[in-house]
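**Student:** Before I ask anything, here is the structure I am working with.
The values are calculated or read from the model by the stated rules, or taken from the named source; none is laboratory data. Please read these numbers as outputs of a predicted model, since none were measured by experiment. No Cβ is skipped: glycine too gets one built from the backbone with ideal geometry, and neighbour counts run over all protein chains shown. Each accessible area value is taken on the protein alone, full model and side chains, heavy atoms only, with ligands, DNA and RNA left out. Shrake-Rupley method; radii C 1.70, N 1.55, O 1.52, S 1.80 Å.
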Amino acid sequence: MSLGSGIIISDNGYILTNEHVSGSKYSKCYVNVEGENTEYQGKVIWSDSDIDLSIIKIEKLGLTPANLGNSDKIRIGSPVYAIGNPIGVEFERTVTGGIISAVDRTIKIKENEEYSYMEDLIQTDAGINSGNSGGPLVNKNGEVIGINTVKIEEAEGIGFSIPINLVKPIIERIKSEGDFTEASIGIYAYDKEVIQYLNENLKFDYGIYVVSVKPEGAAYGKGLLVGDIITKIDNVELNKMSDLRKYIYTKNVGDRVMLMINRNGRNFGIEIDLGKK
């Protein structure tokens with residue numbers, strides 16, 4: 001059993017949290033709402049382990065959703081506050097304060113003897129402990145700018161949040177349609193901030209570097225190769241993996257996109273029909 005926090009994103013029971021708190025899609029979890037003794041059963045209707053986010057649904061009306069801010073406009077040094085349930089229910093509804101220490105951070109995580117990377121994170125010195133996961137990082141206006149997710153155990157005053165803008169397209173789709181089927185190119189790729197962990201000799205100014213093309217994915221057999229750098233999708237320039245994710249989140253399975261590729265200094269385009277993740 002995991003214990004964490006969540007952010008109410010609609011008045012009819014949709015809640016945003018971390019996947020490691022709620023479980024993956026179709027999992028069930030239990031939700032306590034502030035000011036009530038009732039325990040609600042929640043169903044995970046969307047999740048993504050790559051960014052450690054999920055959205056759950058409880059059967060409850062009349063909730064007050066949080067105000068979502070603009071994480072693209074945050075500035076280093078700005079005051080922020082983390083809200084959540086650190087350590088356990090004994091310290092529920094704890095608020096800690098700090099500043100935005102850095103943006104676009106990448107961290108390397110070891111789990112079950114395997115390494116993974118989380119990219120484009122907000123770094124803060126606001127106190128984030130176990131149980132804060134899934135809770136909001138808010139600015140001085142009370143707007144949610146991030147979802148608290150991980151803390152580096154070896155250091156003091158270093159916590160991380162996932163920028164809220166990354167998941168906004170999914171929130172809007174789920175609120176309007178009640179579901180979200182995630183489209184996919186079918187690749188693993190890293191931006192220049194992550195690739196330095198894998199190959200310190202590999203340098204590029206912008207774009208995302210393809211490290212794997214999934215055999216069952218939409219891009220397989222379309223001409224995309226490991227080592228290609230995707231510089232644009234349609235007319236959207238790619239500098240970070242979050243640029244690609246945010247754009248794909250607005251598309252549907254079956255939509256056709258144009259990828260601009262740089263391969264050994266040569267630029268060309270590849271059309272791909274998006275598949276289902």
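**Student:** Within region 193-225, can you find the residues that are among the basic types (K, R) and touching a Phe, Trp or Tyr at 6+ places or on another chain (Cβ under 7 Å)?
**Tutor:** K214
**Student:** Do the conditions hold for N239, that is, is it open to solvent by 20 Å² or more (accessible area, probe 1.4 Å) and out of contact with any Phe, Trp or Tyr (no Cβ under 9 Å at 6 or more places or on another chain)?
**Tutor:** no
**Student:** If you don't mind, another one. Output the residue which, of all residues in region 169-203 that are out of contact with any helix residue (DSSP H, G or I) (no Cβ under 8 Å at 6 or more places or on another chain) and assigned to a strand (DSSP E or B), is most open to solvent (accessible area, probe 1.4 Å).
**Tutor:** Ranking the qualifying residues of region 169-203, first place goes to Y188.
**Student:** Kindly provide the set of residues from region 3-31 that are within 22 Å of S130 (Cβ to Cβ) and free of Cβ contacts under 8 Å to residues at least 24 places away in the same chain, ordered by number.
**Tutor:** S27, K28, Y30
**Student:** Counting only residues that are outside any loop (DSSP other than H, G, I, E, B) and of a type in the set (V, I, T), which one in region 211-232 is surrounded by the most Cβ atoms within 10 Å (Cβ to Cβ)?
**Tutor:** Within region 211-232, the match that is surrounded by the most Cβ atoms within 10 Å (Cβ to Cβ) is I229.
**Student:** Given the conditions (1) closer than 22 Å to I145 by Cα; (2) among the β-branched types (V, I, T); (3) in contact (Cβ under 8 Å) with a residue 60 or more places away in the chain, report the number of the one that V89 does not fulfil.
**Tutor:** If we test V89 against (1) closer than 22 Å to I145 by Cα; (2) among the β-branched types (V, I, T); (3) in contact (Cβ under 8 Å) with a residue 60 or more places away in the chain, just (1) comes out false.
**Student:** Right, here's the next one. Between a first residue in region 249-277 that is within 27 Å of D205 (Cβ to Cβ) and a second residue that is open to solvent by 80 Å² or more (accessible area, probe 1.4 Å) and assigned to a loop (DSSP other than H, G, I, E, B), which pairs have beta carbons less than 6 Å apart while being 6 or more apart in sequence or on different chains?
**Tutor:** Between residues of region 249-277 that are within 27 Å of D205 (Cβ to Cβ) and residues that are open to solvent by 80 Å² or more (accessible area, probe 1.4 Å) and assigned to a loop (DSSP other than H, G, I, E, B), the close pairs are I270/K222; I272/K222.
**Student:** Would you be able to tell me the number of residues in region 249-274 that are at pLDDT below 95 and open to solvent by less than 20 Å² (accessible area, probe 1.4 Å)?
**Tutor:** 1
**Student:** Pick from P79, P65: which is closer than 19 Å to V144 by Cβ and more than 20 Å from the chain's Cα centre (by Cα)?
**Tutor:** P79
**Student:** Could you run through region 249-266 and say how many residues are assigned to a strand (DSSP E or B) and more than 17 Å from A189 (Cβ to Cβ)?
**Tutor:** 2
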